[in-house]
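S.K.: This is the structure I have questions about; it appears just below.
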Amino acid sequence: MTDMISFPDVVNWAVPFFIAAILAELLWITFKGRGGRYETRDALTSLVMGAGNVASGILFGFIAYGLFMLLWRITPFDLGTSLWIVALCFVLDDLSYYWVHRFGHRVRWVWASHVNHHSSQHYNLTTALRQTWTGTFTFMMILRAPLILLGFHPAMVLFVGGMNLIYQFWIHTETIGRLPRWFEAVMNTPSHHRVHHGRNPRYLDCNYAGVFIIWDKLFGTFVPELDEDKVDYGLVHNLGTFNPLRVAFHEWVGIFRDVLQPGLSWRERAQYCLMPPGWSHDNSRGTSEVIKARYVSQHPELAGTPGLPHNPIGQAEKINAAHKNVI
Amino acid sequence: MPLSILLPMVVLGIAGIAVLLHVLGLSHRAILADEGAASRAWLREFPGHRPTRVILCQNRLAALVKTEQGYGVVWPMGADTTARYLTQAHITADAKGLRINLPDFTAPRIGLSLDPDEAARWLETLKEPA
């Protein structure tokens, strides 16, 4: 088993490119007067969140790497480091990313880490850098464990993960409309990812892809960008602060406040951690399914259109009731 | 990349972009053009909670909103807006207008620029039953 394999730390090396691309997008928007929006405090918060993400990687990266090296020691497989194996690792890691990201939106414990990436009401290249500080504590690195056990070296898995993140940087823009049909069919694009950042009911919880949009098409979570429903960026309930500490930790605080409410059963306390964002024991809030169903009840003519259910009026409450009985 | 290069690049990059954005005039706060705009901004956060009364402040930077559920406020978040109900809010007048403290980790403090008369009127209004 080869322990010492070295791959470049591509995300850190990409930092100059990130800065140059942000400046290029900003100048384009300024001189063309279209293609997106920038605002000083919003962008500053996003950039500080990005720097904090790098710092948290330096501080806590050893936990995921330690787990991966442990798995590497016990696996009997070693697929080597040929170009084809790196390419295969990239594709499988992207599949793994799809599920990590999907859990990131459907399990509140994981959402608590990911929510900050969606907390900007803008969508530009700085938004791409508005990344989590607490990803390690979601334990989602476990979804990458099968790659190591299959014989992909941990350093390779981290390398392709970095490449995946770099790919996702450039799709956080409004300056690019739609790309050629073949590209939109296979790859994640600015158009597909704008939808993912939408707070419009139809755009909630869809397009989880990192690099290949085919995963969303395969698993039934793809929603196209519709000209008649312009994407409204941000959270269902937008933040009232630019403070990076509050942006980074607000959902964790929300979880702990909910879990520590008096009078709850242990099951309800667990549900506050593990059910989708918006779940509550007394149905006083709404998950994305409830929001979509309510929206359809107000706009019945849109029932069954992309991203929206066929549900009749009252279905929202039934969904909430069903959620109560899951765990 | 060595930290000795990465760290200064990140710090200078962030500072440089922030200064550039400010110099380009991109630090302006959202202005609520009229009561209709304030109402739309409210409904964006609370769809279905239709305002029954909207009081736009003179500088059009915030609005007091009344719905069947209670009073709330709309205010700018940079070039955009957000809104909150004033349930359990602690509201005090200060030299700039009103200071609202909310038991909400995502919006703990809202500073509203109101002239003294306007601030007094808002405080009186908030004493009325919703």
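Just so it is clear, none of the values below were taken in a lab; they were calculated from the coordinates. As the structure is a computational prediction, the values presented were derived from the model and not from experiment. Methodologically, a virtual Cβ is constructed for each residue, glycine included, from the backbone with ideal geometry; neighbour enumeration extends over all protein chains shown.
S.K.: Sort B:THR67, A:THR127, A:THR75 so that the residue with the fewest other Cβ atoms within 10 Å of its own Cβ comes first and the one with the most comes last. Mind showing how you got there, number by number?
M.R.: Working: B:THR67 19, A:THR127 26, A:THR75 15.
With the sparsest Cβ surroundings first, the list reads A:THR75, B:THR67, A:THR127.
S.K.: What distance in nm separates the two pseudo spin-label positions at A:SER297 and B:LEU3, each 7 Å out from Cα along the beta-carbon direction?
M.R.: My value for the distance between the label points is 5.5 nm.
S.K.: Does the protein assembly as shown come out rounded, prolate or oblate, given a ≥ b ≥ c as the square roots of the eigenvalues of its C-alpha gyration tensor, rounded meaning a/c under 1.5 and, failing that, prolate meaning a/b above b/c? List each step's numbers first, then the result.
M.R.: Values: a/c = 1.76, a/b = 1.46, b/c = 1.21.
Note, shape of the protein assembly as shown comes out prolate.
S.K.: Now for a different question. In percent, how large is the relative contact order of chain A, given Cα pairs closer than 8 Å and 6 or more residues apart?
M.R.: Relative contact order of chain A: 20 percent.
S.K.: Can you compute the helix-only [θ] at 222 nm over chain B? Use -39500 (n - 2.57) per DSSP H run of at least 4 residues, normalise by all residues, nearest 500 deg cm²/dmol.
M.R.: Numbers: 3 runs with 44 residues, N = 130.
Here the helix-only value at 222 nm equals -11000 deg cm²/dmol.
S.K.: Moving to a separate point now. Would you calculate, for chain A, the mean residue ellipticity at 222 nm contributed by helices, counting each DSSP H stretch of 4 or more residues as -39,500 (n - 2.57) and dividing by all residues, to the nearest 500?
M.R.: Details: 15 runs with 180 residues, N = 327.
Theoretical 222 nm ellipticity from helices: -17000 deg cm²/dmol.
S.K.: Is the stretch B:35-127 best put as rounded, prolate or oblate by its Cα gyration tensor, with a ≥ b ≥ c the root eigenvalues, rounded for a/c under 1.5, and otherwise prolate when a/b is larger than b/c, oblate when not? Each step should come with its number before you reach the end.
M.R.: Values: a/c = 1.35, a/b = 1.27, b/c = 1.06.
Rounded, because the longest to shortest axis ratio a/c is under 1.5.
S.K.: Can I ask one more? Fewest to most neighbouring Cβ within 10 Å: what's the order for A:PHE137, A:PHE256? All intermediate terms of the calculation are to be shown ahead of the outcome.
M.R.: Details: A:PHE137 16, A:PHE256 13.
Taking fewest neighbouring Cβ atoms as first place, the list is A:PHE256, A:PHE137.
S.K.: Here is a follow-up. How do A:CYS273, A:CYS206 line up, fewest other C-beta atoms within 10 Å first? Don't jump to the answer; show the numbers that get you there.
M.R.: Working: A:CYS273 17, A:CYS206 22.
Least to most surrounded, the residues fall as A:CYS273, A:CYS206.
S.K.: Now for a separate question. At q = 0.11, 0.18 Å⁻¹, what is the base-10 log of I(q)/I(0) for the stretch A:51-156 according to the Debye formula with one equal point scatterer per Cα and no solvent? Please give it to two decimals.
M.R.: The Debye formula, applied to the Cα set alone, gives -0.40, -0.98.
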